[in-house]
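Working notes, structure below.
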Amino acid sequence: MHSVQVNAIGFIESPYQEKFAIPRQPGLVSAAYGKIFLTNEHNHQELVKDIEQFSHLWLVFIFHETQNQGWKPLVRPPRLGGNVKTGVLATRSTFRPNPIGMSVVKLEHVEFAKIAGKSQVILHVSGADLVNNTPIIDIKPYLPYSDAITEASAGFAQTEPANTLKILFSKQASTQVGHYSAQYPNITQLIEQVLAQDPRPAYKHGKLDTKDYGMSLYDLNIQWKMIDLSTIEVFNITKS
């Protein structure tokens with residue numbers, strides 16, 4: 001087998017500072033806005049000429065935070081409850097023979113900025129499921145006629161997960177989120193959409209536990225807990 005060298009062409013800035021709470025598929029959290037910065041010789045306007053003709057893009061990226069942990073032939077998909085093992089190539093697990101992922105995101109707009117006196121190409125996207133600073137190794141346009149196969153079957157992941165959780169904010173958290181909304185205008189919607197996915201381990205889904213959880217979005221630490229089987233309460237939001 002020949003080895004292949006792959007170089008990053010850029011990186012993404014996203015709200016997700018850690019793996020915990022990232023939605024398990026792209027597009028499930030539309031309020032997750034990100035910025036893709038092209039780097040080095042790839043930071044050139046010619047690379048993205050006419051890209052705005054396409055509403056959505058494929059991002060090909062590196063699972064950089066888990067690649068040093070190696071890969072496993074059998075993994076436990078969350079959609080099977082986190083306790084049933086299946087072949088890694090039959091899943092989208094991060095623990096792959098090569099740590100490569102791909103996600104479809106919505107292209108919001110393209111920006112040609114000046115940063116520290118230098119030109120910078122920035123792709124603004126939404127619906128991403130990538131941790132902050134993920135290396136991007138390729139970008140391709142999404143083609144509805146070939147990429148959306150309506151009659152395709154997807155085994156245990158045929159349908160989108162049902163989100164039945166209600167998200168409440170305590171009086172304190174409501175005041176806090178209002179304070180941070182000036183900096184992050186969509187922060188309330190982002191928190192609600194992320195928590196509606198129930199980011200707890202899959203084996204805890206449908207079960208009540210009394211643990212206080214925390215997750216990082218942007219530079220905010222959001223603390224929350226289950227108050228019944230269908231309701232999450234956010235009770236504290238602070239700067240990390």
Query raised in the report: Can you list the HN-Hα couplings for the range 229-238, worked out from phi with the Karplus curve (6.51, -1.76, 1.60; θ = phi - 60°), rounded to whole Hz and with x for Gly and Pro?
Result: 5, 10, 9, 10, 10, 8, 10, 7, 9, 9
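Determine the dipole magnitude for the range 1-90: charges of +1 sit on the beta-carbon of Lys and Arg, -1 on that of Asp and Glu, nothing else is charged, the reference point is the Cα centre, and the result goes in debye to the nearest 20. Write out the running numbers ahead of the final one.
Working: 8 positive and 7 negative charges, 139 e Å.
Magnitude of the dipole: close to 660 debye.
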Report summary line: In nanometres, the difference between 0.36 nm per residue of separation and the alpha-carbon distance of L168 and D138 is 6.9 nm
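Would you mind telling me the share, in percent, of accessible area of the range 10-147 contributed by carbon and sulfur at probe 1.4 angstrom? Write out the running numbers ahead of the final one.
Working: 3960 of 7640 Å².
The C+S portion of the solvent-accessible surface of the range 10-147 is 52 percent.
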Query raised in the report: Among 231-239, 169-177, what's the highest-first ranking by average C-beta atoms within 10 angstrom per residue?
Result: 231-239, 169-177
**Report entry** Two-site label geometry, F112 and H124: point separation in nm, points 7 Å out along Cα→Cβ
**Finding:** 1.7 nm
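On a full-extension model of 0.36 nm per residue, what is the gain between Q158 and S3, subtracting their alpha-carbon distance, rounded to one decimal in nm? Each step should come with its number before you reach the end.
Details: separation 155, 0.36 × 155 = 55.80 nm, distance 3.44 nm.
So the chain would gain 52.4 nm between Q158 and S3.
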Query raised in the report: If you take the charge dipole of the range 2-133 about its Cα centre, with +1 on Lys and Arg Cβ and -1 on Asp and Glu Cβ, which of H2, N133, V110 is farthest toward its positive end?
Result: H2
Query raised in the report: So what are the ³J(HN,Hα) numbers for the range 82-99, from phi and the Karplus equation (6.51, -1.76, 1.60; θ = phi - 60°), rounded to whole Hz, Gly and Pro as x?
Result: x, 10, 9, 8, 8, x, 4, 6, 9, 9, 10, 4, 6, 8, 10, x, 10, x
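So if the hydrodynamic radius of the range 10-147 is defined as the Kirkwood radius over C-alpha pairs, what does Stokes-Einstein give as its diffusion coefficient at 25 °C and 0.890 mPa s, in µm² per second?
Working: Rh = 16.0 Å.
The estimated diffusion coefficient comes to 153 µm²/s.
Determine, from the Cβ-Cβ distance of T39 and N186 and an R0 of 25 Å, the FRET efficiency 1/(1 + (r/R0)^6), rounded to the nearest 0.05. Mind dumping the intermediate values first?
Numbers: r = 26 Å, r/R0 = 1.06.
It comes out at approximately 0.40.
If the only charges are +1 at each Lys and Arg Cβ and -1 at each Asp and Glu Cβ, what is the size of the charge dipole of the range 10-147 around the Cα centre, to the nearest 20 debye?
Numbers: 14 positive and 12 negative charges, 136 e Å.
Value, rounded to 20: 660 debye.
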Query raised in the report: Taking +1 at the Cβ of each Lys and Arg and -1 at the Cβ of each Asp and Glu, which of G206, L143, N236 sits farthest along the dipole of the range 115-240 towards its positive end, judged by Cα position relative to the Cα centre?
Result: N236
Query - Estimated dipole of the chain in Debye, rounded to 20 [Cβ of Lys and Arg +1, of Asp and Glu -1, Cα centre] - result: 740 debye
Query raised in the report: Which sequence of W224, W71, W58 reflects their accessible areas, 1.4 Å probe, from the largest down?
Result: W71, W58, W224
Report summary line: Taking r as the C-beta separation of K49 and D219 and R0 as 41 Å, the FRET efficiency to the nearest 0.05 is 0.75
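Calculate, for the chain, the solvent-accessible area per residue in square angstrom, rolling a 1.4 angstrom probe over the heavy atoms of the protein chains. Don't skip to the answer; put the middle values down first.
Details: 13870 Å² over 240 residues.
I get 58 Å² per residue for this part.
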Query raised in the report: Can you tell me the Rg and the Dmax, both Å, for the Cα atoms in the chain?
Result: 19.0, 60
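The values are calculated or read from the model by the stated rules, or taken from the named source; none is laboratory data. Nothing here was measured: the structure is a model prediction, and the numbers come from that model. Cβ sites come from the backbone with ideal geometry, for glycine too, and all protein chains shown count toward neighbours. Quick note on the areas: whole protein, heavy atoms, side chains included, nothing else; ligands and nucleic acids left out. Shrake-Rupley method; radii C 1.70, N 1.55, O 1.52, S 1.80 Å.
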